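Contents: one structure, followed by commentary.
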Amino acid sequence: MKKEEDITELLVDIRGVVAAHQASSITHYPASDELKSFFNLRRQLPTPASAAIPIKAKEPEPDTPISKIKHSDHAKLVEIATEVGQCRRCTLSDNREKVIAGKGGGNKIRLFIIGHWLPVLENYSSQAVFGIEEDQMLVRMLAAINLPMEEAFVTNVIKCGVRPDIRPQAEHIAACASYLQRQINAVSPEFICTMGMMATRTMLRRSQPLSKLRGLFHPYKTADGVEIPLLPTYHPGYLLQNPEMKNATWQDLQMLQKRLL
C-alpha cells in the first residue's frame, strides 16, 4: 500500500509540474547528449541475478474495522439558512440585495469552502455564492483535483450579498460568525479551504498576509473540540484579476488533493 501511495503522490507531483510549465508556455523538453547517454547506458546494463526479487503471492489482509463516517446534517443546514434569511443582527441587513447562506453538498461533504462575501448589483438573480465567473472558476478548480461538487459545500463569512460599493466591517463579520461555526458543525467536513484574506483571518485569527499562510495546513478547532485541517489559498475573484497567482493556487490544490486521496 505504501508503494502505491508513493507512486500516486509522484504522479500528482508530475502533473503539477507539467501544468505549471504549460502555464509558462513551455511546450517541450529538450534532450541533452548527457541525458541520452544516461538512458542508453541504463538499457545496456544487465540485471544482476542477486538483484532479482521474487514475486510473492499477496497475503490476505486482516479484517479491519471500518470507521463510522459522520454524515452531513442537511436538516440543520436548512435551519441555519432559514435563520440567515431572517437575520437582522447588523446594519448590512438594511442594505443587502440578497442572502446567500451557502450551497452544495451531498450525503457526505468532504470539503468546506469559505469565501468573503458576495458583491451584487441591483436585481441580481444568480444563485452564485462567490459570483458568476468566480463560481465557474471554482467548479474548474475542484474538477482539476477530481473532487465532485456534491462533496463540497461553499459559503461566505458574510451571508448578505451587498452592492460592490459596500465593504463589510469587523462588526458584520462578528454578527455572522455563529452561522459559519454552526454550518461547519453541521457539515462535519474532512477539510476546510479558506479562499481569500478575510476568510483566512476569520478562521485562523492570524494577521500574517495570505502569501505567508497559504501552502500549509493549519489546525482549526470547532466549538466541540474537533480539529479540522484548514488550507488557505487565493479567492477565485482575486485570480480573475491576478492570473499570475494561479500557479500558486494550483500548488495549494495539489496539496489538498493528496490529502483527499
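Of the residues Thr202, Thr249, Thr222, Thr233, the single one that is modelled with pLDDT of 95 or more, more than 23 Å from Ile132 (Cα to Cα) and not aliphatic (A, V, I, L, M) is Thr202. The set of residues in region 203-242 that are assigned to a helix (DSSP H, G or I), aliphatic (A, V, I, L, M) and surrounded by fewer than 16 Cβ atoms within 10 Å (Cβ to Cβ) contains only Leu240.
Apart from one condition, Tyr179 fits all of (1) touching a residue at least 60 places away in the same chain (Cβ under 8 Å); (2) within 24 Å of Thr249 (Cα to Cα); the exception is (2).
Filtering region 87-100 to residues that are crowded, with 20+ Cβ neighbours inside 10 Å and in contact with a helix residue (DSSP H, G or I) (Cβ under 7 Å, 6 or more places away or on another chain) leaves only Leu92. Restricted to region 163-202, and to residues that are among the polar types (S, T, N, Q) and assigned to a helix (DSSP H, G or I), which residue is nearest to Met245 (Cα to Cα)? So, considering only residues that are among the polar types (S, T, N, Q) and assigned to a helix (DSSP H, G or I), the one nearest to Met245 (Cα to Cα) is Thr200.
Among the residues of region 116-158, those that are under 16 Å from Asp252 (Cα atoms) and of a type in the set (Gly, Ala, Ser) comprise Ala143, Ala144.
The values are calculated or read from the model by the stated rules, or taken from the named source; none is laboratory data. Source: prediction; values computed, not measured. Neighbour counts are summed over all protein chains in view; Cβ atoms, including those assigned to glycine, are modelled from backbone coordinates with ideal geometry.
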